[in-house]
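Here the structure comes first, spelled out in structure tokens, and everything after it is commentary.
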Amino acid sequence: LKSLSAPAIGYKRRIFCIDYTDLEIKTYVNPLITKARGLELTAETCTSIPGKKFMRPRNNDIDIAYQTPTGKMEQRNLVGLAAKVFQHEMDHLDGILLSDIGVEIPDEYETWNDEEKQQFAEDYLDSLDLLTKQLQEEVENDPELKQIQDAAEFMEKVYKGEVQIEKVENETKET
């Protein structure tokens, strides 16, 4: 699969395209991942970082919502490589490169035995746990970041239907 995001070519828009076959290119506008399952480590490359390969956790099965270029809202389930490519492009929309979260896989990785590969993966996962704890502490200690996190959590609850928003009519009185 081939893919390209608007930010990768200099446009600050939440749009990307995935070429599933030579006959089907899908464009996703304002995409969201609404549900994710099957977390696993993957090896990825990116045209933004030529000649390097990175290990990164990705979900193998995701539900998505997005707009078409004409504004129609659609939902879809993606699995396997399609799910991973979609998540890769979502990272680009959020300003994240593989090198920001992934760990570079050394050239000699393919010659390592299974135990060495397993240790490499475990060390990487441990570093992500530590990074997550550090970031959460930073959010908790910064009122602005905490407010953004709280707003994101609220929006997710609204989307999931856990919180209902009621429309309140404004009353205007003439004096």
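The values are calculated or read from the model by the stated rules, or taken from the named source; none is laboratory data. The structure presented is a predicted model; accordingly, all values stated were derived computationally and were not measured. Cβ atoms come from the backbone with ideal geometry, glycine included; neighbour counts cover every protein chain shown. To get the accessible areas, we keep the full protein, side chains included, count just its heavy atoms, and leave off ligands, DNA and RNA. Shrake-Rupley method; radii C 1.70, N 1.55, O 1.52, S 1.80 Å.
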Compare LYS157, LYS117, LYS26 in a GNM of the chain, Cα atoms joined below 10 Å, and give the one with the largest fluctuation.
LYS157
With the convex hull built on the Cα atoms of segment 75-175, state its orientation-averaged projected area in nm².
12.1
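Can you give me the accessible area per residue for segment 34-153, using a 1.4 Å probe, in Å²? Can you show the working numbers first?
Working: 7560 Å² over 120 residues.
Here the per-residue accessible area is 63 Å².
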Under 14 Å between alpha carbons, and skipping anything fewer than 8 positions from LYS160 in its own chain: which aspartates and glutamates qualify?
ASP63
Along the charge dipole of the chain, pointing to its positive end and built from +1/-1 on Cβ of Lys, Arg, Asp and Glu, which listed residue (VAL158, ALA121, THR21) has its Cα farthest out?
THR21
In this structure, among LYS133/LYS157; LYS2/LYS72; LYS53/LYS84; LYS2/LYS84; LYS26/LYS53; LYS35/LYS84, pairs with alpha-carbon gaps over 18 Å are LYS133/LYS157; LYS2/LYS72; LYS26/LYS53
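Dipole magnitude of the chain about its Cα centre, charges +1 at Lys/Arg Cβ and -1 at Asp/Glu Cβ only, in debye to the nearest 20? Numbers along the way, then the final one.
Working: 21 positive and 36 negative charges, 203 e Å.
Dipole size: approximately 980 debye.
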Beyond 25 Å, what share of the Cα-Cα pairs of segment 20-140 is found? Please give it as a whole percent.
33
Using only alpha carbons, build the gyration tensor for segment 28-99 and give me the equivalent ellipsoid semi-axes, biggest first, whole Å.
22, 15, 8
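Could you calculate the FRET efficiency of ASP94 with LEU23 from 1/(1 + (r/R0)^6), where r is the beta carbon distance between them and R0 is 41 Å, rounded to 0.05? It would help to have the intermediate numbers written out before the result.
Details: r = 29 Å, r/R0 = 0.72.
Plugging the Cβ-Cβ distance into 1/(1 + (r/R0)^6) gives 0.90.
Tell me, what % of the accessible area of the chain is carbon and sulfur with a 1.4 angstrom probe? All intermediate terms of the calculation are to be shown ahead of the outcome.
On the way: 6430 of 12520 Å².
Roughly 51 percent, rounded to a whole number.
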Rolling a 1.4 angstrom probe over the protein chains, ignoring ligands and nucleic acids, what is the accessible area of ILE25 in square angstrom, nearest 10?
110
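Subtract the Cα-Cα distance of LEU135 and LYS167 from 0.36 nm times their separation in residues, and report this length gain in nm to one decimal. Could the numbers behind the result be given before it?
On the way: separation 32, 0.36 × 32 = 11.52 nm, distance 3.55 nm.
Length difference between fully extended and current span is 8.0 nm.
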